[in-house]
Amino acid sequence: MDVKLINPFLEAVTTVLPQLGFKEINRGGLAVKEHLIEGRGVTVLVGITKGVKGNVAYNMSTATAKKIASTMMMGMPIVEIDEMVQSAISEMVNMVTANAATNFEKQGLVVDISPPNMVVGSECAVKVSNSKYLSLDLLVDSEIIQLNIGIGS
């Protein structure tokens, strides 16, 4: 796992999220992990193919997902993770990952991404990689989004 593969995602997060209404984006802890990601409430998985291959999983608590969806919907109150919230979170993930794909292309790596797949519930585990992957906590307006990157070239 090459740590340089995380930079296109960091650039994407800092480019896309302010456009969606988020004001403060900071990088938290970075760890190399093996095994499964334990669901925090909402996990969105995106596959990556061609020049870089693997998966990326965005993992967050239900409360974080509600706050993110509310911000994206101009402060609309969110009570539950309904279809509208799922759509908003999936769209955010799709936009960030697509932007990361564009950043990879600037490095000469052409990549495609799959549509996002969402798992709702904390009683689950998601496999991102057959080997080690990078796990980065992002603090988005003080909410934690865990970005798990299991890709290689």
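All of the numbers you see were taken from the coordinates with simple rules; none came from a lab. What you are looking at is a predicted structure, and each value in this text was computed from that prediction instead of being measured. With ideal geometry, Cβ positions are generated from the backbone for all residues, glycine too; neighbour counts draw on all protein chains shown.
Can you tell me which residues in the stretch 113-153 are at positive phi and not in a loop (DSSP other than H, G, I, E, B)? Before you say what the answer is, go through the steps one by one.
Our first condition is that a residue be at positive phi; within the stretch 113-153, this holds for 121, 141-142.
Listed by number, the list holds a single entry, Gly121.
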### Query
Restricting attention to the stretch 67-83, does a residue exist that is crowded, with 16+ Cβ neighbours inside 10 Å, farther than 22 Å from Val126 by Cβ and within 14 Å of the chain's Cα centre (by Cα)?
no
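Quick test for you: out of Thr102, Thr64, pick the one residue that is touching an Asp or Glu at 6+ places or on another chain (Cβ under 7 Å) and either touching a residue at least 12 places away in the same chain (Cβ under 8 Å) or not in a loop (DSSP other than H, G, I, E, B) (or both). Explain how you work it out, then say what you get.
Details: Thr102 fails: touching an Asp or Glu at 6+ places or on another chain (Cβ under 7 Å).
Unique residue meeting the criteria: Thr64.
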### Query
Would a scan of the stretch 124-137 turn up a residue that is under 14 Å from Val44 (Cβ atoms), surrounded by 15 or more Cβ atoms within 10 Å (Cβ to Cβ) and in contact with a helix residue (DSSP H, G or I) (Cβ under 9 Å, 6 or more places away or on another chain)?
no
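Name every residue in the stretch 3-35 that is in a loop (DSSP other than H, G, I, E, B) and surrounded by 12 or more Cβ atoms within 10 Å (Cβ to Cβ), in order of residue number. Write out each step before concluding.
At the first step, the residues of the stretch 3-35 found to be in a loop (DSSP other than H, G, I, E, B) are 20-24, 34-35.
Correct list: Leu20, Gly21, Phe22.
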### Yes/no for Val96 being surrounded by 15 or more Cβ atoms within 10 Å (Cβ to Cβ), out of contact with any Gly (no Cβ under 8 Å at 6 or more places or on another chain) and farther than 19 Å from Ser153 by Cα
yes
### Task
Output the number of residues of the stretch 72-98 satisfying the condition of being without any contact (Cβ under 8 Å) to a residue 40 or more places away in the chain, part of a loop (DSSP other than H, G, I, E, B) and farther than 23 Å from Gln146 by Cβ.
4
### Summary
Pairs returned, first residue in the stretch 3-29 that is within 11 Å of Leu134 (Cβ to Cβ), second residue that is assigned to a helix (DSSP H, G or I), beta-carbon separation under 6 angstrom, 6 or more apart or interchain, are Phe9/Ala100
